[in-house]
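Data first, discussion second: the structure below is written as structure tokens.
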Amino acid sequence: RTLDTPECNSCLEECQAACECSDFCTPLIKDAALCHEQGSSWVPIISQNFNNVWNSMLTLTEISTTEGWVEVMYAAADTVDNFVQPVRDANHPMWMVLLVLWIFLSFMFLMNLGVGVIVDKFMEERERIRDISLSKAQAQWIRCRKALLSKNGRIFDLQNIHLLPRTQRKFYNFVKHPLFERTIMTCIVANTLLMTVESFPELETPDTQPVRIIKEAINIMFAAVFTVEAVLKLIAFKCSYWKDSWNTFDFFCVAATLIGIALQYSDSGINISSVASVVRIFRMARLFRLLNFKPLRPMNKLFMSLAVSLVKLANVGVVACLFLVLFSILGVNLFAMSSQEEDTLDNHGNFKNFWTAFITLFRASTGEAWNEIMHDLHKDEIDYFREGKWCTPAELFDWQDNYDILKGKCLIDKPNACVYAPGGWNLLPWVYWITYTLFIGLVIMNIVVAVILEGYDESKSCDEAAMIDTCKMLWERKYDPDHTLKLPAGDAVRYILEAMKELQSDGLVGGDPFIVPTLQSTSFANQLRKIPMRYAKAFDLCLQGNQVEFFSAVRQVFRFVAVVEDDSNDADIVESLDKADALVAQKTKFFATKTSSASLTNAGNQLVAEIAAAKLQKRFKEKRRRRAEEAAKAAGDVERTPVENVLDLTEPSPRVAG
């Protein structure tokens, strides 16, 4: 009789339903049963679980990418028992320690170790395909020559300044003065800082009107300063003004700013607010001119590495796009008809068509919620039923044969097909997303890191542009202020050695400090004797009469740089540099013709012979002086010995004296 009660009958019915329909009726006990009886639903709070070994491995793989590991840790820390309501921090010490240790082991060690392996293999492959016939000195020499010849003969703004009109020379000296350049840079920084105080919405009230008027006045003042700069440079450089890309960019900004101001204070009625905003954005780009200053050269290397990497990233980008296209096509064929009303698999991220799938995969390549999309795709009919939803079995959702029926039920615009599960195992979402994450998130993205590191390494070791700037500033500051681009042979040699000394002082070139000859002609030959023959043999100057051109002098500086940077102690370093020129000439037309006139060879050999003769004379004189000193010392010893004997013989003994 005690069993014949409504409560017992209901319990028996539930047990019978759970046994007969185990897929859709889950027997609940403890807090889970109480929750269900009160009209709520007992469902997991997160998508991950540790219900079996495979689910545990999948969960650990997910959190290895740092996706959702905090939620898993909190859920595990609150776990009490099966079918029991979670309690805050009920089991937190063990799970917090275990999951934090797993993150250290998997993400911070294993993942980064994988990054290191990929980068290392990338560098090894780069070294393998690199031309092994080139030594470090030859590679340095070729890079320097390419950097010099890439200037196309346009290093100085103007040439033969002494032949220009007097007014133009004055304007040129004014705009090239360091104080003028610093003033313009200060105005650029101040104008950018002024743009940072703007806010939206900026209401025109009596309190804010004075501030707005002051800001407009300062903007007009800066516009006037930049306009005066452009006008002065146009007068000073004339047609050469447009050869500099920075000048062209500045002129565009100035012209756009003036047009905006004119339209703003006119009664034309044209709305230029959007155009003015774009112009302000371009004006902010003028801050990059600060990188031309010598103290900011280290920062310039970062931007140069970015510029170098962007070119090389094109190949990696093609490979990444290829993988994205392949996975997008595969995703459309597998998951196009899946429900798009889930938490993450929604209208913004789905596989309904190729472009949406491409954008979804690109978003997931950054690690953004890829695991939640995977779990949404992994849901089967039972999971949908427990959530109070439903999905059409995949074998019944044949849109090609049943298009009209599905269209009439709005299942074409809002599909809800279950993912096809061969053999009852819904493994396709797991395999698809794990494979995609391994290839794109770990391999391709780490190759991007390797390419960026390669670009930074090249920009760090290759300072050819900075070397050219240093040589240029020394040339125009001390030796050729009129930009004739020619120097007498003696001055050219002094310039070459002093340029090497400045490059060493700036940290662009290593090696022992170079000896710079003094200006006295009498001591010039004596100073040349101090140049080591390793560098003297690298002299290869091209003379036109008794003059040396700027590019020939800088070329000679770069030959010294290649010799200094060579760490192999190659005795035939000069021959190796010439072989590098010949090797590159065979592969590319960049070095179309190597200057090899009789005057170049004779000038270089003559200077080498003079240095060698001076060194031989110095050695001979030192050896002769040393022999003379030794002979004089020996003669002094021979003369002292008889005198001492005579003194000993003539000196009276103490007994006789007494």
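None of the figures in this text is laboratory data; all of them are computed from the coordinates on show. Computed from a predicted model, the values in this text were never measured in an experiment. All Cβ positions, even for glycine, are placed from backbone atoms using ideal geometry, and neighbour counts span all protein chains on display.
Close amide H contacts of Thr392 (hydrogens built in the peptide plane, cut-off under 5 Å, sequence separation of 5 or more or a different chain): Asn416, Ala417, Cys418.
Residues whose amide H falls under 5 Å from that of Val509, counting only those 5 or more places apart or on a different chain, are Gln504, with hydrogens built in the peptide plane. Structure note, pairs Lys121/Lys537; Lys238/Lys472; Lys478/Lys579; Lys486/Lys621; Lys146/Lys176: Cα-Cα distances above 29 angstrom occur for Lys121/Lys537; Lys478/Lys579; Lys486/Lys621. The alpha carbon centroids of the stretch 299-358 and the stretch 216-250 are separated by 43 Å. Dipole of the stretch 319-450 computed with +1 at Lys/Arg Cβ and -1 at Asp/Glu Cβ about the Cα centre; of Pro415, Leu361, Val449, farthest Cα towards the positive end is Val449.
Taking the centroid of alpha carbons for each part, the stretch 74-88 and the stretch 363-417 are 31 Å apart. Net charge in the neighbourhood of Glu62 (other residues with Cβ under 11 Å of its Cβ; Lys, Arg +1, Asp, Glu -1) is -3.
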